[in-house]
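What follows is a short report on a single structure.
Laboratory data are not the source of any read-out in this text; all were calculated from the coordinates shown. Given the structure is predicted, the values throughout are model-derived calculations rather than measurements. We place every Cβ from the backbone using ideal geometry, glycine too, and count neighbours over all the protein chains shown.
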Amino acid sequence: MNKTPFVLIIALVAFLSLGAANGADYPLAVTDSAGRSVTIEAPVEKIVAMNSDAADAVSILGDAGKIAGSVDISYKAHYFTEFSADWETVGTWREFNYEKIAELARDDGGDIRDGTLVICYASKAGEMEENLAPFEKIDILGLDLYNAETLEEEMAVLGKALDREAEAQMYNTWVGEKKEAVAEAVTGLSRPKVYVEGGSASDLGALWTYGPGSSVDDMISLAGGENVIDADEQNPKVEWETVLASMPEVMIKVPAAINSLGWSETAEMEAFVREMESRPGASSIPAVEDERAHVIFRDITLGTGSVVGLTYWAKMIHPEADLDPVGVYREYLAMRGLSYPEDAFFVLPGI
Amino acid sequence: MVKITIKDLSFSYGSRKILDDLNVVVGDSEVLSLVGPNGSGKTTLIKCIDRILKPKGTILLDGGKDLQSLSRQEVARYIGYVPQSTTSALTTTVFDTILMGRRPHMGWRVTDEDIDRVVEMMKLLHVEEFALKDFSELSGGQKQRVLIARALCQEPEVLLLDEPTSNLDVKHQLEALDTVRAIVKKTDISAVMAIHDLNLAARYSDTLVMLKEGKVHAIGDPLSLLTKENIRSIFGVEAAVMRDLDRPYVVPLRSLSGEAL
Amino acid sequence: MSKADKMSKEGPVENSELKVEYSQFVGRKVLFILLSMAGIVVLAGVAATLGSASITPTEVYTAILARFFPGTFETTNFIDTIVWQLRLHRVLMAIFAGMGLAVAGAAMQGILKNPLASPFTLGIASAASFGASLAIIMGAGFVAGQWLIVGNAFIFTMLASITVYGLARYKGITPETMILAGIAIMYLFSAMTSFLQYVGKSEQVHEVVFWMMGSLGRSSWDKVGIIALVTVVCTLLLMYYSWDINALGAGDETAKSLGVNVEFVRVFCMMLASLITASVICFTGTIGFIGLVAPHITRMVVGGDHRFLLPASGLVGALILLAADTVARTIFAPVILPVGIMTAFLGVPFFIYLFLRRRKDYW
């Protein structure tokens, strides 16, 4: 069963090398996550990624080479080593440089022609459209590619817009299979109480957690656990006392992003685990007693790789389950043209 | 005994000379008034005497102690200052305002003696009825009396008053100065005041110091000093000076600006 | 011997009504202070029983007493941990942090003679925020490890007040020069913090914003110890100078004439207020509202005499912060709200009520 993705990737490569001329009919219309109907007049030649999730998704569909510009995602440069050097920076995550985007859309003659696609979060699509409207021919696609729930749907939309439907289909199939594998592996098992915390702050009066409705809550549940945080908010801040009182059996800390693919050594990870274990009263929590307070690499729990995270989480929550998170991670990285860093660390204590 | 000896006193704001080589002596139990036109240095001199400003020259207190060598606390026990402007930024009751005059004498705790002194001064200046009112609610005349009471609580040898009548109506002007003079005559405190009104100065002072452009123009008793000539050369005003009950009365007639003085 | 004896008409002062009236006047202030203390004790008692873990008040008090009388009272390890390691130091942190901020505010308002002054007027909050941002976003600072944010916030705060002092000294230490220098420093650090936020990643910025809202959740027994020590010592020193601060209120010239070393008192008290504020906010983040409003509320009740205003403000500040923190962590439990927001929600209505009810100018 683990062989399937490799087969798919080989098929994909073969497919590409044949230069399959399945040529979509232009103009083609798609509906983005902001509910906007976007008409793409001509094959997309230049892509501007307004967030790292968009760049991730585009690279999975094999079009990273078409990215002409992105917001400053230098802290994720290790994912795009082959390409990102040429990318123009079109702002930061909080402020976009519309003039620069328009400049990128110009051809050698200085005119803006069809064939430029800007991908931003759905919530930003309106603002983006308003500001780029004067340049007319720049297409804008609002997609939230960080959200596991709508990820497959959005990949399909993106695949259509980029004329990479087959690749999108392949990715979605792969995600579906991995999800299925996790679901199968945890079915019938007990559902341990899980506490997940984000951020790097160690403010015991305001721990950053995830409540019902958040993607983390969904992930805990898919991975066969029960979220101990029961609040009316997606990202509630709670006191350590709340956590103590809930007696979690598994604790997962997802610290702030680091600028590399995994940790190169375990010192920092150990510090996170030690900090959790040394909190007042922590020794009476089952998770700490059983050495099941984990720290995990943030990137794999979010965005296009979240199914990798799901597999890791399922394995953390159910060590007995028959899952191979590292294998899934290898496949995911291969899809993005990257290789799994054999000497990096992603989770501690190891699973 | 001499209360204050001022020798060769000069003071400048930057390059502008405000006081120029003054020599004044304040004797025992006397009311000494500084008169002169605006900018002649009356208020500046008052502030120099209380070391609010730092002049050049010498000021000797208490039989020869150099003002500069004394601590602020010691100066405050010798000199009580009644400021002209009475704006207080903070809410404080009349009682607490007067109690502040005890600062040079008391530690952190207020003793019974301090309270007694405050009550005594309040009675002396007839401000008991406002004791627990806010200082800011008082009228100009009441404020003036409270500030005098505060200065007296310092148990000073010299009282400095900066324009004590400037915000008062005629009745209160007379009352305030009556009080000052009565205190001076009853105790051996001396009072030094900067004052605009020549008639009030003449009526309540033992000695007048006429200042012009930072210099002492003349020193003497009111009767001999308030002459037509002096008023003309100091104020640039033509005035009639009359005498009644051994007091001079100045009636300004017209300004001589532009004409030769 | 004294002049006054010679002046009085009636000889020695009889034990007049005025004296009785004044001692009642002082008595009311003392009563207010005692009531505030009692209020803090009661509120602290209640706050200690509130929390996410279901422990009864009896269990809480048993756990507290068990530490003092180990034989007599029995508790469980879990309850002991919750009460002693999570709740009690936080309650004390609220008390001492609230007290420190309020005392510093009252002192600053007094020495600057400005009702809008607080230690934050002198750019202290923005300096602390910059120090913390530098630690959070750039990971850069003067001290390493877990004290990075704390150390940075503290050092930049003190740096700001020394700069304000230096600038003001150049032009003469008056309220105006100090406030102007403070405002300049404030804008400088705000701009630098904004710049850091601009280049920061979204989660770091989120962390900075949260830090700036203030939280007592980072409390621990060590930190409570530090804050309590600094606050108590500085408060006593400020109270020692309360007569001088009172005199400053009557104007610099009057203060000088009353024997006050005006510049020294102003600078020394400013440094004490800055020190308290720096020690508090480096652990809690910027809780701005208390330093401004606790002294105002107190002044409306006890008046402007700093002998009473300083300690009473401290107690009112402690009450406000303790109440705000208790509400902030229980009202939407288990979700907690930042205490800085809660202090404003609780304090402003009370402040407006007093402000409208009192007719005369309280300042």
**Study point:** the range B:146-211: C-alpha pair distances exceeding 18 Å, %
**Key:** 30
**Study point:** Shielding by other protein chains, A:233-246, mean Cβ within 10 Å
**Key:** 6
Check your understanding: In nm, to one decimal, how far is the modelled label at C:Ile331 from the one at A:Asp230, with both set 7 Å along Cα→Cβ?
Key -> 2.4
Review point. Stretch A:Asp107-A:Glu177 to full length: gain in nm at 0.36 nm per residue minus the Cα-Cα span?
Key: 21.0 nm
Check your understanding: Of the peptides C:313-326, C:86-99, C:54-67, A:272-285, how do they stack up when ordered by the mean number of other Cβ atoms within 10 Å, highest first?
Key -> C:313-326, C:86-99, A:272-285, C:54-67
Revision key, fill the gap. Relative contact order as a percentage, chain C, C-alpha pairs under 8 Å and 6+ apart, gives 26
Revision key, fill the gap. Within the range A:103-211, pairs of Lys residues whose Cα atoms are less than 24 angstrom apart, provided they are eight or more positions apart or on distinct chains, add up to 7
Review point. What is the Cα coordinate range of the protein assembly as shown on the first, second and third principal axes, sorted by size from largest, in whole angstrom?
Key: 127, 86, 45
Check your understanding: If the cut-off is a Cα-Cα distance under 17 Å, which lysines reach B:Lys133, setting aside same-chain residues fewer than 8 apart in sequence?
Key -> B:Lys123, B:Lys143, C:Lys19, C:Lys29, C:Lys360
Study note, to complete from the structure: Quick calc, C:Ile341 & C:Ala38: beta-carbon distance into FRET formula, R0 35 Å, rounding 0.05, result 0.80
Practice item. Counting helices only, and only those DSSP H runs with n ≥ 4, report the 222 nm mean residue ellipticity of chain C as the sum of -39,500 (n - 2.57) divided by its residues, in deg cm²/dmol to the nearest 500. Key: -24000 deg cm²/dmol
Check your understanding: Rounded to the nearest 5, what is the percent of antiparallel bridges among the DSSP beta bridges in the protein assembly as shown?
Key -> 50
Check your understanding: Check A:His294: other-chain or 5+ apart residues with amide H under 5 Å from its amide H, H built from backbone geometry?
Key -> A:Met251, A:Ile252, A:Lys253
**Study point:** Label-point separation, C:Phe195 to A:Asp324 (7 Å along Cα→Cβ), nm
**Key:** 5.3
Check your understanding: In nm, to one decimal, how far is the modelled label at B:Gln68 from the one at A:Glu99, with both set 7 Å along Cα→Cβ?
Key -> 6.3
Point to revise | Charge context of A:Trp174, other residues only, Cβ under 11 angstrom, K/R +1, D/E -1 | key: -3
Check your understanding: Per q in 0.10, 0.15, 0.18 1/Å, what log10 I(q)/I(0) does a Debye calculation on the alpha-carbon atoms of the range B:48-179 return?
Key -> -0.33, -0.74, -1.02
Study note, to complete from the structure: With 0.36 nm assigned to each residue of separation and the Cα-Cα distance removed, A:Asn259 to A:Asp72 gains 66.0 nm
Study note, to complete from the structure: Across B:118-124, the residue-averaged tally of Cβ atoms belonging to other chains within 10 Å stands at 6
Point to revise | Per-residue mean of C-beta atoms belonging to partner chains within 10 Å, peptide C:211-218 | key: 4
Study note, to complete from the structure: Within chain B, the percent of DSSP beta bridges that are antiparallel, given to the nearest 5, stands at 65
Study note, to complete from the structure: Taking every other residue with Cβ under 12 Å from the Cβ of A:Leu61 and scoring Lys and Arg +1, Asp and Glu -1, one gets -2
Practice item. Compute the FRET efficiency between C:Asn77 and C:Tyr187 as 1/(1 + (r/R0)^6), taking r as their Cβ-Cβ distance and R0 = 56 Å, and round to the nearest 0.05. Key: 0.60
Check your understanding: Between rounded, prolate and oblate, where does the range C:220-363 land on the alpha carbon gyration tensor, with a ≥ b ≥ c its root eigenvalues, rounded for a/c under 1.5, else prolate if a/b exceeds b/c?
Key -> oblate
Study note, to complete from the structure: Full extension between B:Val2 and B:Leu132 adds, at 0.36 nm per residue less the Cα distance, a length in nm of 43.0 nm
Check your understanding: For the range C:134-282, what class follows from the C-alpha gyration tensor (a ≥ b ≥ c being the square roots of its eigenvalues): rounded when a/c is under 1.5, otherwise prolate if a/b is larger than b/c, else oblate?
Key -> oblate
Review point. Is the shape of chain A rounded, prolate or oblate, going by the alpha carbon gyration tensor and its root eigenvalues a ≥ b ≥ c, with a/c under 1.5 for rounded and a/b larger than b/c for prolate?
Key: prolate
